[in-house]
Amino acid sequence: MNAETIPAPVAAPATSPPHPLREFWGYFSANHGAVAGLVIIVAVVLVALLADVIAPHDPNLTNTAIALQPPFWQEGGSLAYPLGTDPIGRDILSRLIYGAQLSLLIGIVVVSISIVVGTVLGLVAGFFRGLTEIFIMRLMDIVLTLPSLLLAIVIVAVLGPGLMNAMLAVALVILPHYVRLARAAVITETSKDYVMAARVSGAGTGRLMFREVLPNCTAPLIVQASLGISTAILDAAALGFLGLGAQPPSPEWGTMLADAREFVLRAWWVVTFPGLAILITVLAFNLLGDGLRDALDPKLKRS
């Protein structure tokens, strides 16, 4: 009697690990709020880039004959000025569109300054420790103990009102967050084997800081940067509202709110639309930051 032949087991096909970008998008897209925030941000960026094309009017063109004209769906409104006009007859829609340019510029400049300076200070504090670390971190603690908006107001009052000074003030206010994040990440990374191996192989401090450790500290800094843009936009709008930020006739959203304060009760649109622009943009960046945190933080990744 012939023995039955047992088929040889078929080896399972080797599966290659997913591409990092595909894996990132998988975690990011699982957060529907983050995707919605990304869509809004892309729309705001496109509006800002195409402002010269899509804005129906010059944002600073005045016409007192149509001052405080309501939106087109209200009696007395016109499709020529879809969202109405402000107290001196400027088109609100056009000013909102050009204001997107300023808001994005503020967010990008402020975060760029803070993340560059904060990362360098955090790297220095995390690597050299001792008195250097104590001096840097205590200085950051002093900044954090002060109310952020009040500190920004004091700085602008010293430097003088204006958009550039407002951006510098906001950058200084949010700087400690980047320093603390960078320092914590550096301390975590310097205890790992690859850093020890690089030290043994003769790598200098500069190479260890910027070639070995810094690339592995970027995830929390990217998340904080996305949240920092929303903070910068909000703080700059607050300074503009107080008359310390962008100065008239600049179509900055906070300045638009300041110009419309006395007309709140009889012309709701001059306050509502700039306020909604700030609200939606800040919320979008916060949602984006939540999604980036979910996608970049390994502790939050689901198996």
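Taken together, the values in this text are just the output of simple stated rules run on the coordinates, not laboratory data. A quick note: this is a predicted structure, and the numbers were derived from the prediction, not measured. When we count neighbours, we look across all protein chains shown, and the Cβ atoms used for this are built from the backbone with ideal geometry, even at glycine.
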Exercise. Return the whole-Å distance between the Cα centroid of region 144-174 and the Cα centroid of region 98-124.
Key: 14 Å
Practice problem: Starting from the Cα of residue 138, step 7 Å along the direction of its Cβ; do the same at residue 23; then give the gap between the two resulting points in nm. | Solution: 4.3 nm
Quiz prompt | Potential extension, residue 105-residue 154 segment - 0.36 nm per residue separation minus Cα distance | solution = 15.4 nm
Practice problem: May I ask for log10 I(q)/I(0) of the chain at q = 0.11, 0.12 Å⁻¹, from a Debye sum over the Cα atoms as equal point scatterers with solvent left out? | Solution: -0.79, -0.89
Quiz item: What value, in deg cm²/dmol to 500, does the helix sum -39500 (n - 2.57) over DSSP H runs of n ≥ 4 give at 222 nm once divided by the residues of the chain?
Solution: -21500 deg cm²/dmol
Practice problem: Mind pulling the per residue volume of the convex hull built on the Cα atoms of region 63-139? Å³ is fine. | Solution: 123 Å³
Self-check item: Cβ-based exposure ranking for 253, 25, 73, in which fewest neighbours within 10 Å come first
Solution: 73, 25, 253
Quiz item: Taking each full run of DSSP H in the chain as one helix, which ones are at least 20 Å long along their axis (Cα atoms) and have mean Kyte-Doolittle hydropathy of at least 1.0?
Solution: 32-49, 92-128, 130-145, 163-190, 218-241, 269-296
Quiz prompt | Signed unit charges on C-beta, dipole axis of the chain, positive-most listed residue 100, 43, 177 | solution = 177
Quiz item: How large is the charge dipole for region 133-245, taken about the Cα centre, if only the Cβ atoms of Lys, Arg (+1) and Asp, Glu (-1) carry charge, to the nearest 20 debye?
Solution: 220 debye
Quiz item: Anyone know which of 46, 38, 151 comes out most mobile in the 10 Å Cα GNM of the chain?
Solution: 46
Self-check item: Among 144, 163, 234: highest mean-square fluctuation, GNM of the chain, C-alpha pairs under 10 Å
Solution: 144
Practice problem: Please find, in a Gaussian network model of the chain (springs between Cα atoms separated by less than 10 Å), the residue of 227, 21, 104 whose mean-square fluctuation is greatest. | Solution: 21
